1. For segment 65-75, check the following and say yes or no: at least one residue is touching an Asp or Glu at 6+ places or on another chain (Cβ under 6 Å), modelled with pLDDT of 95 or more, crowded, with 19+ Cβ neighbours inside 10 Å and of a type in the set (S, T, N, Q).
2. Looking only at segment 12-62, which residues are within 16 Å of residue 81 (Cβ to Cβ) and acidic (Asp, Glu)?
3. Going by the conditions given, is residue 49 buried (at least 18 other Cβ atoms within 10 Å of the Cβ), within 20 Å of residue 1 (Cβ to Cβ) and either out of contact with any helix residue (DSSP H, G or I) (no Cβ under 6 Å at 6 or more places or on another chain) or not acidic (Asp, Glu) (or both)?
Amino acid sequence: MTVFSCRAECQDDVDTFIEAAKAAKLEMVVRAFADKVFPDVEIEIISNASKDELRVLMQSVEDGHMMRQTLRAIPLSENSMEPDDRVE
C-alpha cells in the first residue's frame, strides 16, 4: 500500500472521489481534514492503486483539478500542496 496526499477544493469533491473509487472497486482508506477557515480539504489516501489510477478517478470530480495537481505519493505532513500546473 502506498500513501498519497492531496488537497481538494471542498468536501463535495472528496465525497465524489470516494464514490468513484467505490464504483471502481479500489481498495483504499481516505482521511480528510477540513480547513478551519476555507472550504479546502486536505486528504491522505492509503491504497494499492497507482498515482495514475487515482488521477483518472479524480477526473470524474467536477473541480478535481486541484486534487490532481497536488496529488503526491507522500504523507500529508510532507506535501506542500503547491499545485503542479503541468498536470491537467
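The values are calculated or read from the model by the stated rules, or taken from the named source; none is laboratory data. Quick caveat: nothing in here was measured; it's all calculated off a predicted structure. Here Cβ is always computed from backbone atoms with ideal geometry, including for glycine, and neighbour counts include all displayed protein chains.
1. Yes, because at least one residue in segment 65-75 is touching an Asp or Glu at 6+ places or on another chain (Cβ under 6 Å), modelled with pLDDT of 95 or more, crowded, with 19+ Cβ neighbours inside 10 Å and of a type in the set (S, T, N, Q).
2. Passing the criteria: 13, 35, 40, 42, 44.
3. yes
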